[in-house]
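This report concerns only the one structure given below.
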Amino acid sequence: MIFAGGKLLPGQEVNAVLGCLEKETSQVLSGAPLEAETVLDTLEALGDELDSGALDGLIAQYAPPGAREELDRVRPQISRASLKERLALELGGLGGPRPFGRAEVRPLGVLLHVAPGNMAGLPAFTAVEGLLTGNINLVKLPRGDKGLTLAVFQKLTELEPKLSPYLYAFDIPSKDTASLRRLAALADGIVTWGGDEAVAAMRRLAPPGCKLIEWGHRLSFTYLSDWAGLDLNSLAEHIVHTGGLLCSSCQVIFLDTELLSVAEQFCKQFLPVLEKAAAAYYKPPGQAARAALYVREAALEQVLDRAASGDLNFPGRLCSLTLRRDYELELSHLHGNVLVKRLPRQELIPVLRQQKGRLQTAGLICPESEREALAGLLARAGVNRITAPGHMSEALPLEAHDGEQPLRRYVRVVDMENNF
């Protein structure tokens, strides 16, 4: 399906829509700019419908299980007050009087968003950021989007028809490079979410002069120092609830020790905590069966690798821990199966610097007396978010995104001299 002009259109009309898009976007950019207040009014109306339950049917139809709970958690971050604070924080000070005259903040113009399918609602969210900065938004839908983005766009344009010329969505497969190239040719900026392969593909498609805005895959972990007697339940719940699928998911539990015996003791202590979290989360028979399958898969892989690597596997009910001898940060198995490694603090920076540019969140568990020192060490290593383990995948009020202010990347500053 396609969303264009405030309407849903069949996918076979993609060439006709693309053929008119340059003329249509030029007409929009020739007119009055989209005001942030118009977008805020519309999002506020959408939020009111969400709070009243009027959108529950839409959510049940198009969103995956658990989406309603996730929306409730992030709802404060998409309130009018929060979005206004964000606009002021991210864009405030970019414009205003200058010795030569004035500076004005303007949208880039046309943004092409290439969003992944690992988080429900992300294609709509990235387009909303484009709207807040006054851009026309062309969204390439991910394969996993089952109609949620189209439904959100339709609702937004019903609430405010002025947004219709600013929202487009295309269900184009990634292999259709001809259509993607036509979209890229229209864009002043390409917002790409995904791994190295996806980013590299968009770099090849981006025309000269087009700004490439990368939100690539990131790696996150927890770091534990002197955890005796500390609560590990929130860490276990985070590992199980995110399933290792998010950039902010804990991929490795790093322990501030050189001793393998200490790491083994941690695994024995933490496994029952992880089992408790898994049993509480994987209640439906289908989920429990899938979790058990992942545990078995992880165990079989360790049997194959153990002779060479010396890994130790700690299988549990619906979850597992694997203790590896190396210090490297890497991806864990999914759905409650996580890696444990030693990483003494004196090795922290050289090890984490191997993943420079890919680090995102560190969940920190340590005595309060060490918190500032360890947080500073993690920040110097290149980590962009430092939280309690239970908050690793929570949206923090007015937080940056991977160390940057996103809205600033979607605008440009126009300097205007007086008396010319």
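Some observations on this one:
- Spatial separation of Cα centroids for region 92-163 and region 172-215, in angstrom: 16 Å
- Couplings 3J(HN,Hα) for region 236-251, derived from phi with the Karplus relation 6.51 cos²θ - 1.76 cosθ + 1.60 (θ = phi - 60°), are 4, 5, 4, 4, 6, 5, 8, x, x, 8, 9, 4, 8, 6, 5, 9 Hz, where x marks Gly and Pro.
- Exposure proxy for Trp227, Trp193: other Cβ atoms within 10 Å of each Cβ, ordered fewest to most, give Trp227, Trp193.
- Put simply, the convex hull of the Cα atoms in region 348-420 casts, on average, a shadow of 8.0 nm².
- Once backbone amide H atoms are built at 1.01 Å from N, Val139 has His113, Tyr168, Ala169, Phe170 as its partners under 5 Å, excluding neighbours fewer than 5 places away on the same chain.
- Among residues other than Glu394 with Cβ under 14 Å from its Cβ, the summed charge is -2 (Lys and Arg +1, Asp and Glu -1).
- Stretching Asn233 away from Arg68 to a fully extended chain increases their span by 57.0 nm, per 0.36 nm per residue minus the current alpha-carbon distance.
- Residues of region 82-123 with an amide N closer than 14 Å to a point placed 7 Å from the Cα of Asn419 along the Cα-to-Cβ direction: 99-102.
- Ordering Ile2, Ile78 from the fewest to the most neighbouring beta carbons within 10 Å gives Ile78, Ile2.
- Candidates Val152, Val28, Val199: whichever shows maximal mean-square fluctuation once the chain is modelled as a Gaussian network with Cα springs under 10 Å: Val28
- Taking other C-beta atoms within 10 angstrom as a stand-in for reagent exposure, His333, His238 fall in the order His333, His238, fewest first.
- Dimensionless Rg over Rh [the chain; C-alpha; Kirkwood]: 1.00
- On Cα atoms only, tilt of 196-205 relative to the major axis of the chain in degrees: 20 degrees
- Assuming charge only on the beta carbon of Lys and Arg (+1) and of Asp and Glu (-1), the dipole of region 4-76 about its Cα centre is about 340 debye to the nearest 20.
- Computed over the chain: relative contact order in percent, which uses C-alpha pairs under 8 Å that are six or more apart: 18 percent
- Pairwise FRET efficiency - Ala60 versus Glu214, Cβ, R0 = 25 Å, nearest 0.05: 0.15
- Proximal charge balance of Asp226 [Cβ under 13 Å; K/R count +1, D/E count -1]: -1
- Once the chain from Glu347 to Asp176 is taken as fully extended at 0.36 nm per residue, the excess over their C-alpha distance is 57.0 nm.
- On Cα atoms only, tilt of 14-30 relative to the major axis of the chain in degrees: 70 degrees
- Computed FRET value (nearest 0.05) for Leu89 with Arg412, which takes r as the C-beta separation and R₀ as 25 Å: 0.85
- Residues whose amide H comes within less than 5 Å of that of Ala63, counting only those at least five positions distant or on another chain, are absent (H built at 1.01 Å from N in the peptide plane).
- Placing pseudo-labels 7 Å out from each Cα toward the beta carbon at Gln405 and Ala280 gives an inter-label distance of 3.9 nm.
Every number in this text was worked out from the coordinates using simple rules, so none of it is lab data. Small disclaimer: the values here were computed from a predicted structure and weren't measured. No Cβ is skipped: glycine too gets one built from the backbone with ideal geometry, and neighbour counts run over all protein chains shown.
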